[in-house]
Each structure stands twice: as structure tokens, then as C-alpha cells.
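The values are calculated or read from the model by the stated rules, or taken from the named source; none is laboratory data. All values derive from a computational prediction rather than experimental measurement. Cβ coordinates were reconstructed from backbone atoms using ideal geometry, including for glycine residues, and neighbour counts include every protein chain displayed. Heavy atoms of the whole protein, side chains included, go into the accessibility calculation; ligands, DNA and RNA do not. Shrake-Rupley method; radii C 1.70, N 1.55, O 1.52, S 1.80 Å.
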Amino acid sequence: MKELPKAYEPRKYEDKIYERWEKSGLFNPDVCVEKGVADKKAKPFSIVLPPPNVTGTLHLGQALMLSVQDLLVRYHRMKSDKTLWVPGTDHAAIATQTKVEKLLIQQGVKDPRAELGREKFLKEVNKFAQESHDIIVNQCRKMGASLDWTREAFTLDEQRNLAVRTMFKMMYDDGLIYRGHRIVNWCPRCHSTLADDEVEYKAQAGKLYTFRYADDFPFAISTTRPETKLGDTAVAVNPNDERYKKYIGKVFEVKKFAGGPDLKIKVIASEDVDTDFGTGALGVTPAHSFADYEMAQKNKLLVIKVIDEDGKITKEAGKHYKGFTVLEARARVLENLRELNLLEKEEDVSNNLSVCYRCESPVEPIPSKQWFIDVNKKFRIKNEELRIKGLKVNSEVTLKQLMSVAVKNGQIEIIPDRFNKTYFHWIDNLRDWCISRQIWYGHQIPVWYKGEEIFVDVEAPKGDGWAQDPDTLDTWFSSGLWTFSTLGWPDKTDDLKNFHPTSVMETGYDILFFWVARMILMTTYALGDIPFEKVYLHGLVRDEQGRKMSKSLGNAIDPLDMIREYGADAVRLSLLIGTSPGNDMKLSVEKIAGFRNFTNKLWNICRFMLMNIGKDVILTPTQSGEESLSKTLADKWILNRLRAVINIVTENIEKFNFSYAGERLRDFTWGDLADWYLEVAKIEGDKSEILNYILSVILRLWHPFMPFVTEQIWQDIYGKEKMLMVEKWPEKIKSLVDSSLIGMTDFDYARNIIFQLRSLRAEYKIEPTKKINVAISAGAKEQILKDNKEMIVKMAKIDNLIIGKEVKKPINAVTFFEPPCVTVFMDLAGSVDLVKEKERLKKEIEQTEKYVEIQKKKLANKEFVANAPAEIVEKEQQKLSECEAKLGKLKNQLKSLK
RNA sequence: GGGCAAUUAGCUCAGUUGGUUAGAGCGCGGCAUUGACAUUGCCGAGGUCAGAGGUUCAACUCCUCUAUUGCCCACCA
């Protein structure tokens, strides 16, 4: 029999183990079927990995996501499901391009895009992306992620590009994608549009200025952005506002506003105008505000663009302003207004500045011609195999409705469910999605122009003179296809048939809208099916003080450093235990170190068990027949505990309560098994079979949580032919013995006595040299003590135990000193605690009796039974029988105490 | 402005559909130790479960209000 080294050193084993796993091919479900690990007809279980961006290295958020998903995947693989976990990476358009631009600028290229041109620039980006990809993929391996690398995908590879083009064409033909001149969010630094949810808001101290357009303008307006007023074409007032009613419909001409352009200001009415804000009159700038644009549409106002794509003032604002930046222009407008004595008031206000979520530069709403997805347009459902409940083929729906139905009808379950509300709220407020981006890195829009002609198709048009739209698609457009594009769509592949819809989508709640919602949109539209059955949202990983981890704060924990120092298993446990879905978690190095201690503990538990199993026994993992293994009270006890823990762990993994499952398993392993059972085993001896059984069960239970150390132990014990990764998950045992049955409570009773005996020396200040005899009278429980006398004596570290009738002097818990021995007399049958216990039981019985009475009356009430829904009556009935059973149990307990 | 969540031991958090005496890890104090493990074991201190009301035989758990903190959405120019 082999022996394990004294301490577990993750670094020595992890890479080798991963290599063996990968080489075995068993990450691939097809190989599992081939090798008989999973049945061909087995239930499929599939997850598609949320693709990490190719912009950097693995961070803790991704470590968390890999831990959770690998836990699920390993669990299902061990349950013999046909289990697939598809890896991939995301090209992350703007993010990657921005990063490469920064790097090039650092290298001395002043304006990378202008200097290199599209082709050369993209070459640089691709080079960077490839390097970054290699790093991150390798880091996923370090975490132990059992991803099927043979199916790896990239959001920007050939297959995915085909999917994107196909999708674009489909939506275009359905009239869902259109090109329009609209107000869009524009980032002057990225030089691109942004989707609504790519805009973030930062609270800022600002100023609210109140001024008149001109001396002869009848009233003043208020604004925080005076520079945009160069493009005003109207003033909106509330139609009920007595002050301004008379002006509605009138047009005022303003000559050289603030030394700049001539304006024609029409006074219009709008219910949305708050009469109490500022002067109650709102300057309307149709070109640079979403709300104003809408008003302009309604009132047929001119749209004058005064800010351009560089964030500079256009010539429309006149020579006096042309070419200035927004901030410069603001100062200039104010200066002019002051000179003209038009500025009436300046107030400090806090307002929200819109910034780009990637580069944090201020975002400008500007009018621009872009591609949009229309979320409100009705179209006919054409999918032949429509699998969304509540919809019919050929009926008319909007994309919004599709997204909403799939969740509302319960086909997609979001965990935790409170995010349902957020999801629906988001859909309600959703506007058309601007999908074109003026960046180079991404899927180029499959649209070609020749003069006035437009051509939209999957492939480029034949013939000369066609030029493809230079813009690329929003990165979320391609990510939205991820669950099915990775499985081969638009081809009708076996993978698609077998593994779609996927079982679980596991990701952070921060991209519920960005990504999860878009996947639902794209999938329901393209396939007429849901993308996944369950959405499990994890929280953000924060530092000890609850701050976001970031490089600039210097509080970021690098998962790879942690893996090197404490092992991947410790990192995984620290991310899985003590966390709950949808809630942020705080992580510290100490916590990871704590779990490193546990991996080592498990190692040593196994090491010890191995030493006690006996050197000549050839071990094979066992799964059944444990009944015959229990010989002593302690055996019975530990097997009962083990059964309970198998059930708890299994049930809670199924319910996505990974933290609880792990905690209970740890409590069992450390508390029950190591601290108690193994100590007893030292005394009782001859435990080969039962230890072998327990060992093979706990290793399997732990494997999804900490795959490396468990696999290493497994192979050391059972040989390299056997791979724990594909061993069968322990069966749930349905007929679990009730915890109140003798096997459990009796050992707990004995354990209790041992606790008391152990503290005798301290309590009575007995010198270490003296021997202790204990005389116990314990009433009804005396038989237990007699049966387990030897074990108790040894565990309690006393010298002799005299039980029951053997006690000559009936004395209540006093000591009798008799050098060189000490005899302690204990009367446990009449201890104070028992009196308290009786009182407690009586009270409880009283309460329960009352309840039973009430319940009985309720159920005797014919009116209630006849009118209430059957479910409720049944539930009440159940409650009653439960309580009656409990009452019986309590009475028995009370009896046994007397 | 609208919404969501959190508030339990010094710290980080569990507490599974209301039901025995509210738990764990870390930290703290004490004791132990030569062969599984100092990356250890045992014992202990420490909680009016944020506050107030309500429902109930029974509330950390359900309801209402209040306070504090965090997040999301919208946005008033």
C-alpha cells in the first residue's frame, strides 16, 4: 500500500493532473460516450462559457465563473450525463481596439489608425488578441476548468462570422434591421457610437445657468450646457403654465446669439416640461438631446448639428465658435452672455455626466446615420420548430415581446429570481438598438453600396464597384448568438440538436442586460427557442473593504498568484463557499489561505485513513453494501452522517446552493469524520472496509469543488487507470434513517459524556500524574455506556469507568480523592440540565397541542374545506399530520427523561 | 424620482418554504501535543438577529413603517 507525502503541495501535481485529464479526451462528451462513461441516450447537460475578453489576463470574476461552472459540469459528468462545456473567447471590439491603440501610442505611434491604415492596424490588433487569447486560455486550465477544447470558439472567427452575417441578413429581410438618421450616443474619443447601456453616468457638481437668448426675448431659460444652445430651434413650455401660454406658437428671431449664429426660436408646448424647474422654460436642442429630438420630431423643428464627431463645434454655430471644443465653447458662450448682460443666474447643481463605459470620456448625443435593430416592429414568426410556449407560428410579434415571453412563461428561470423584475423593467424601457460601430476591429457589416444601390446578403455581391460598409457591428451582436453559434449554427449540426438549448448560463449580474438579454433576443428570434433553461447570476468579487478590485487601487488579487501560492483548489473553495447567488462577495488572501489549510486537511485525512486501512488490502472504490460495514456504534453513526451528507450535497448542488453544499461537506469531513470518527477508529481498529468506503465517497463528493487534490489522492490510492473525474457520483439514499433513531443519538450521547469526562482534570484541578477513575450512574442510558466502555475510556483519556450498579456510593457529582488515584462520581441521570430540558419539552408540547387543536378545528370546518383551493386544504392537512407526529415524538422524549 | 438588496458574534457571512437551546470560518483568551495533520486538537468568551409596530399557539424567518448602507434604472433642460 502506498503512502502519501506529509503535506499536499499543489504546485507539484496540478499541471500534471490537468494534462492527464485533457489527454484522456474525457472533457469531450463524444469521447465519454465512446468510452462508456456516459450512455449515448443519456440526458445532455451543456454550458457555454461566457467568453473572456482577449484584452488581458484572468481576473477573480472569471475565476469565480470558472469555479461555479466547472463544479456544475463535473457534477453532471459524474452523474453520467452527456456533459459539454464549450470554451471560447470574445474579441470585445471597442475594448480590444482601445487597448491596442494605447499600446501603440506608448510605443510612439501618435495616431495609430491614421498612420497604419485599416489593414495594418487590424494586423496589430489580431496579433495582440492572439497573444492575449493564449494567455487566458492557459489560465483557464490552471483553474482546472474541464472545458472541451476541441470545440473552442472565438467570437470573431470564420464560423461565428458566418453566423453573424446570416443573422444580419435574416433580420434585415424581416425589416428588423434598418438604417436611420437618429440621435446616437457618440464617444468622441473612441470615435464611435455606443449602445444606450454602454453609457454610464457619473454624478458631478455642475452649474445651472439662467439666461435670455437676447434682450428682446420675452423670458429666460435654464441650462447646464450653454454651448448646445447654439443649436436651439425652440423653447418648450408647459401648456398649462400661465406665464408662457400666450407665447406658444410664436417664433422669435435671435440675431447673433452669444456672438454666434442667428437663431429662430419657436415656442412649443410640452406636457413633460416641469414648471418648477428653472424658469419653467426649456431650450430645445434637437441635435444634441434625445428628449429634445423627440420634441423636434413632433413639432417638425429644424435639427441643427452644432457638435461634430470630434466633440468640436461645427460651422453651423458660426465662425465665432467653429472648431472649439465643447468646454471651450461653453466658457465662450458664458463670457458673451455676461458681456451682453443676458446671464441672470448661476446655481450650483449636481448633475449626471454621461461617459463612455470603456474610456470614461464624456459622451455626446449627436445625429448620425447608423444601423439599428427595431425592437418594436411587428414581424411574423417563421420558425417551423417553435418551442416558445405561448407563441404560434405565423403570428405577429415584436422582438420585445419575444424577449419578454420566454422569461414570463417560465421557460427561462433566472436565479436569483429578483432579477426577473429588473429584466422586465429593462425591456419596458428598451429603445432601438444601435448596432453599427465606427471602429475597425469586429464583424464588418454585410452591406455593400454602389451609388444609391444597397446590397445586403451573407456573401459579397458579384460585379465591380461595390464597396462594403466600413462600420463593424456592436460586439454584443455577435455575443448574442453565442449559445448557438458555438454549436455550429447556421449549419444544422448534431451539436445543435444535442446540446441546445443549453442547460445553464452562468454569468455576472452586471451583464444581464448587455448580454443575457441579447442572447434571449437573438435566440428566440433565430431559432424560435430559448438559449438556456436557467440563468445563474453570480455577484462581483470585491476586496476586504467591499471596494471593486482594480489595478489603479492596487487592491486586486491576482488569481494566478493565489493558485501558485495556495493551489487552484483553495482558490475555488474560497470563491464557492461563503457566497450566495446575485450577491457581491468579499475576498481576502486570508480566506484563500484558510481553504488551503482545508485542502491539506483533506489530504491528511486521506493519508491517515490509508495508513489505517491496512497495507495488504488492495483498494477498490465501493459504493454499496455499507449496511454490512457497520459494526460498532461509531460506525453506525458515521455512516448515517455520511448518508445525510450525500443527500444534502446532491440536493443543494441541484438547487444551486453551492455554498451550503460545500459548507456541510466540510463540516462533515472536518468535524464528524476527522475529529471524531477517526479518533474512535484509532481505538477500535480494524476498519479497512468502512474507511475505504467512506474515503471513496467523500473524494467523489469533493471532486467538483476541488478537483485537483481529490484526483491526486484518488489516483494514488486506486491507481492511475481509474480517473475520479469520471467516477459515478454517490447515489442519493432515499431511505435515510431518521436522525432520531438510536444509531445517531446514542453515539451523540456517548460523545457528550466523553466531552464531560475530558474536562474533569481541569475542572477539579487533578494533577497530570494522578489516575482518574470515574463512577457514573446514568439511568436509562447506562447500557450504552456499558457497551462502549472501552471506547469511552480511551477517548476521554481516563483510566477506568465504573457504571451504574457498580457505583457503590450514590453521590451527586462530587469528587472523592484517594491518592494516587482520584475517583470522580457523576450522576448524569439527575443533572440540572435534565430539569431544564423537561420544562422546555413541556412548553413545546403545550404549544404544539394548541396548534393541533386549531388545525383540527380548521379542517372540521366544512365551509373552509369546501371553498378553499384543494392545494391549501391539502397543505393544512399535511401540517396537521406533521405536528401530530411531532407531538408524539416530543411526548416520547419527555417519557424517556422520567 | 422609481426599483432592488443588505442590516445576525470584533471581522466575513450561513441560517432551505415560520417549529427544539440562532450557527460556521477568521480573530481573541486558555489548555494540550513526541506517528495523519502546528497548514493540528480541545475548551471558552462574545449576539435584546438595525429599530418600532403587527399577524401567529410559535417570528431571525411573514406584513407595515423608520433608520443606515450598497447597487440598478430613469433623468430636469
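Distance between the C-alpha centres of the stretch A:781-806 and the stretch A:431-498: 80 Å, rounded to the whole angstrom. Scanning residues 5 or more positions from A:ILE307 or on other chains, those with amide H under 5 Å from its amide H are A:THR314, with H placed 1.01 Å from N in the peptide plane.
Can you pull out the trypsin sites (Lys or Arg not before Pro) in the stretch A:10-55 whose DSSP state is coil and whose Cβ has at most 12 other Cβ atoms within 10 Å? Don't skip to the answer; put the middle values down first.
Working: sites: A:ARG11, A:LYS12, A:LYS16, A:ARG20, A:LYS23, A:LYS35, A:LYS40, A:LYS41; in loops: A:LYS35, A:LYS40, A:LYS41.
Hits after loop and neighbour filter: A:LYS35, A:LYS40, A:LYS41.
For the residue pairs A:LYS123/A:LYS312; A:LYS636/A:LYS797; A:LYS6/A:LYS770, alpha carbon separations beyond 27 Å are given by A:LYS123/A:LYS312; A:LYS6/A:LYS770. Here the average projected area of the convex hull drawn through the C-alpha atoms of the stretch A:133-244 stands at 14.9 nm².
Suppose only helical runs count, i.e. DSSP H with n ≥ 4. What mean residue ellipticity at 222 nm does that imply for chain A under -39500 (n - 2.57) per run, divided by all residues and rounded to the nearest 500 deg cm²/dmol?
Numbers: 29 runs with 376 residues, N = 898.
Mean residue ellipticity, 222 nm, calculated: -13500 deg cm²/dmol.
Size descriptors for the stretch A:15-141: radius of gyration and Dmax over Cα atoms are 19.2, 60 Å.
Convex hull volume of the Cα atoms of the stretch A:317-397, normalised per residue: 247 Å³. Structural size metrics of chain A, computed from C-alpha coordinates, are Rg and Dmax of 36.3, 117 Å. Across the stretch A:364-369, rounded Karplus estimates of 3J(HN,Hα) from the backbone phi angles (6.51 cos²θ - 1.76 cosθ + 1.60, θ = phi - 60°) give 10, x, 9, x, 7, 8 Hz, Gly and Pro being marked x. For chain A, find the longest principal axis of its Cα atoms and tell me its angle to the long axis of helix A:707-718, 0 to 90°, nearest 10. Taking the Cα atoms of chain A, the angle to A:707-718 is about 40 degrees. Relative to the Cα centre, the charge distribution of the stretch A:323-433, modelled as +1 at Lys and Arg Cβ and -1 at Asp and Glu Cβ, gives a dipole magnitude of about 900 debye.
Antiparallel beta bridges, as assigned by DSSP with both residues in chain A, represent about 65 percent of the total such bridges. Distance between the C-alpha centers of the stretch A:636-691 and the stretch A:115-162? Whole Å please. Taking the Cα centre of the stretch A:115-162 as reference, the centre of the stretch A:636-691 is 43 Å away. Among the lysines of the stretch A:362-406, pairs at least eight places apart or on separate chains and with Cα atoms under 19 Å apart come to 9.
Taking 16 Å as the straight-line reach from the Cα of A:LYS315, the lysines in range (excluding those fewer than 8 positions away in the same chain) are A:LYS229, A:LYS256, A:LYS305. Semi-axis lengths, largest first, of the ellipsoid equivalent to the stretch A:14-85 are 25, 15, 10 Å, with √(5λ) applied to each eigenvalue of the Cα gyration tensor.
If a/c stays under 1.5 just call it rounded; otherwise compare a/b with b/c (prolate if a/b is bigger, oblate if not). Do that for the stretch A:521-583, with a ≥ b ≥ c from the square roots of the Cα gyration tensor eigenvalues. Walk me through the numbers before you get to the answer.
Numbers: a/c = 2.52, a/b = 2.07, b/c = 1.22.
Prolate shape, in that a/c is at least 1.5 and a/b is the bigger ratio.
Taking every protein chain into account, the accessible area of chain A amounts to 47 square angstrom per residue (probe 1.4 Å).
Per atom type, chain A shows carbon and sulfur on 50% of its accessible surface, probed at 1.4 Å. Once you have the Kirkwood Rh of the stretch A:1-41 from its Cα pairs, apply Stokes-Einstein at 25 °C and 0.890 mPa s and quote D in µm²/s. This corresponds to a translational diffusion coefficient of 197 µm²/s.
Quick one: angle between helix A:10-24 and the longest Cα principal axis of chain A, in degrees between 0 and 90, rounded to 10, please. It is inclined by approximately 70 degrees.
P(r) tail for the stretch A:377-484, what percent of Cα pairs lie past 25 Å? Across the stretch A:377-484, Cα pairs with separations above 25 Å total 42 percent.
Across the stretch A:746-758, coupling constants 3J(HN,Hα) worked out from phi with the 6.51/-1.76/1.60 Karplus curve, θ = phi - 60°, read 5, 5, 4, 5, 4, 4, 4, 4, 4, 3, 5, 5, 5 Hz, and Gly and Pro carry x.
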